[in-house]
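**Q** Below you will find the structure I want to go over with you.
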Amino acid sequence: EVHPVFFLLPGLSGLGARQMDRAGAFSSLEHIVESLALPRRPGLEALVARALPDICDAKTVMDDETYYRFNLDKALDWLAGKTQALMALFSRLNAAFALYDEAGLRAYTVDYLGEYMPPALAAALRTKLKMPAAAEPQAKRKAPAPATTASAKPAAVAAAAAAA
């Protein structure tokens, strides 16, 4: 099950920079749903309203309408907590994760979570967790062919090489 915040982060973190944070402005739930182009489904607004306080400041006006403003610090605290919880889950799910030291498992977990958020937010999470910046992807290089003789290769590989 994916937490609804992960569906909101890409749009809200962008809105925080462009629209929602202008002069400390808050936005209504309806405005957020429309701005993020979320589909109109029964129960969706209630789900979003329950998720927003995890990553936003909330202000209720006249006891009936709540307004939200993306809060980067709050979002990073929430993401750091999810990182710790996911690290523990990975360790319980598969013994292969025991091969990672804590720093390696944290890096794997942050990279995994990074698939669900904008790169700038993933970089901010790495900074918060005092991790090095993610390595830039490099083009794959073709490995040189090992120097072997045809007689040392299995018959099928030798036949395929000869046919090529």
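Each row is one residue, and each column tells you yes or no for (1) modelled with pLDDT under 90; (2) of a type in the set (Asp, Glu); (3) under 27 Å from PRO132 (Cβ atoms).
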position	(1), (2), (3)
SER28	no, no, no
PRO53	no, no, no
ASP57	no, yes, no
VAL61	no, no, no
THR66	no, no, no
PHE70	no, no, yes
ALA98	yes, no, yes
ALA107	no, no, yes
GLY114	no, no, yes
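**Q** Could you go through the stretch 32-47 and let me know if any residue there is among the polar types (S, T, N, Q) and either on the phi > 0 side of the Ramachandran plot or open to solvent by less than 40 Å² (accessible area, probe 1.4 Å) (or both). Please lay out each step first, then the result.
**A** As a first pass, look at the stretch 32-47 and keep what is among the polar types (S, T, N, Q): 35.
From what's left, either on the phi > 0 side of the Ramachandran plot or open to solvent by less than 40 Å² (accessible area, probe 1.4 Å) (or both): none.
Looking for residues that are among the polar types (S, T, N, Q) and either on the phi > 0 side of the Ramachandran plot or open to solvent by less than 40 Å² (accessible area, probe 1.4 Å) (or both), one finds none in the stretch 32-47, hence no.
**Q** Can you confirm whether LEU79 is under 25 Å from LEU125 (Cα atoms), surrounded by fewer than 17 Cβ atoms within 10 Å (Cβ to Cβ) and in contact (Cβ under 8 Å) with a residue 40 or more places away in the chain?
**A** So LEU79 fails the test.
**Q** Please count how many residues of the stretch 60-83 are part of a loop (DSSP other than H, G, I, E, B) and under 22 Å from the mean Cα position of the chain (by Cα). Working first, answer last.
**A** Let us first name the residues in the stretch 60-83 that are part of a loop (DSSP other than H, G, I, E, B), namely 62-64, 71.
Checking the rest, the ones that are also under 22 Å from the mean Cα position of the chain (by Cα) come to 71.
Result for the stretch 60-83: 1.
**Q** Next question, about the same structure. If you take the residues of the stretch 111-131 that are part of a loop (DSSP other than H, G, I, E, B) and open to solvent by 20 Å² or more (accessible area, probe 1.4 Å), which of them is nearest to MET87 (Cα to Cα)? Please lay out each step first, then the result.
**A** First pass over the stretch 111-131, keeping only residues part of a loop (DSSP other than H, G, I, E, B): 115-118, 129-131.
Now restrict to residues that are open to solvent by 20 Å² or more (accessible area, probe 1.4 Å): 115-116, 118, 129-131.
On the way: GLU115: 16, TYR116: 16, PRO118: 21, LEU129: 13, LYS130: 16, MET131: 15 Å.
Once the filter is applied, the top-ranked residue is LEU129.
The values are calculated or read from the model by the stated rules, or taken from the named source; none is laboratory data. It should be emphasised that the depicted structure is a prediction, and the values quoted were computed from it without experimental measurement. In this analysis, Cβ positions are derived from the backbone assuming ideal geometry, glycine residues included, and neighbour counts consider all displayed protein chains. The area values use the complete protein model at the heavy-atom level, side chains included, leaving out ligands, DNA and RNA. Shrake-Rupley method; radii C 1.70, N 1.55, O 1.52, S 1.80 Å.
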